[in-house]
Amino acid sequence: MRLKILTVRLYKFEAVKLFKLLRNKYGLAVIGVMVWLLFFDKNDVMTQYELAQKCRKLKHEKQYYLAEIENNKKNLVELRSNTKSLEILAREKYLMKKDNEDVFVFVTK
């Protein structure tokens with residue numbers, strides 16, 4: 001029973017404190033500035049959230065491209081060291097041929 005009375009008094013105290021804050025011109029100005037900064041400013045909450053998402057996406061893309069660069073470096077070392085793999089790449093990807101050969105390309109659908 002005593003706890004119930006204490007919580008009711010606490011709620012009344014909170015309501016009175018909030019009402020006094022709203023009547024105070026400085027409190028009202030602080031609340032107005034907070035609302036302005038949170039919702040209407042150029043750097044509002046939604047804009048910051050969108051920018052954070054974009055930053056996360058760009059970090060993931062950076063990880064992907066760094067992995068691709070490492071993969072391409074390994075392939076480049078392989079091509080520079082092994083002439084057989086260089087010839088295979090030239091024939092398959094760039095359709096190069098020797099002088100006495102004919103190349104036929106089959107396109108499958």
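Of the residues making up segment 37-52, those that are loosely packed, with under 10 Cβ neighbours inside 10 Å and more than 30 Å from Leu22 (Cα to Cα) number 0. Of all the residues in segment 1-36, those that are modelled with pLDDT of 75 or more and surrounded by 10 or more Cβ atoms within 10 Å (Cβ to Cβ) number 11. Pairs are defined by a Cβ separation below 8 Å, a sequence spacing of at least 6 or placement on different chains, a first member in segment 86-104 that is within 16 Å of Leu76 (Cα to Cα), and a second member that is part of a loop (DSSP other than H, G, I, E, B) and at pLDDT 80 or above; the pairs so defined are Ala90/Met96. Within segment 55-78, residues that are closer than 28 Å to Ala90 by Cβ have Cβ atoms under 7 Å from residues that are in a helix (DSSP H, G or I) in these pairs: Glu78/Ser85, counting only partners at least 6 apart in sequence or on another chain.
The values are calculated or read from the model by the stated rules, or taken from the named source; none is laboratory data. Predicted model only: the values in this text are computed from it and were never measured. Here Cβ is always computed from backbone atoms with ideal geometry, including for glycine, and neighbour counts include all displayed protein chains.
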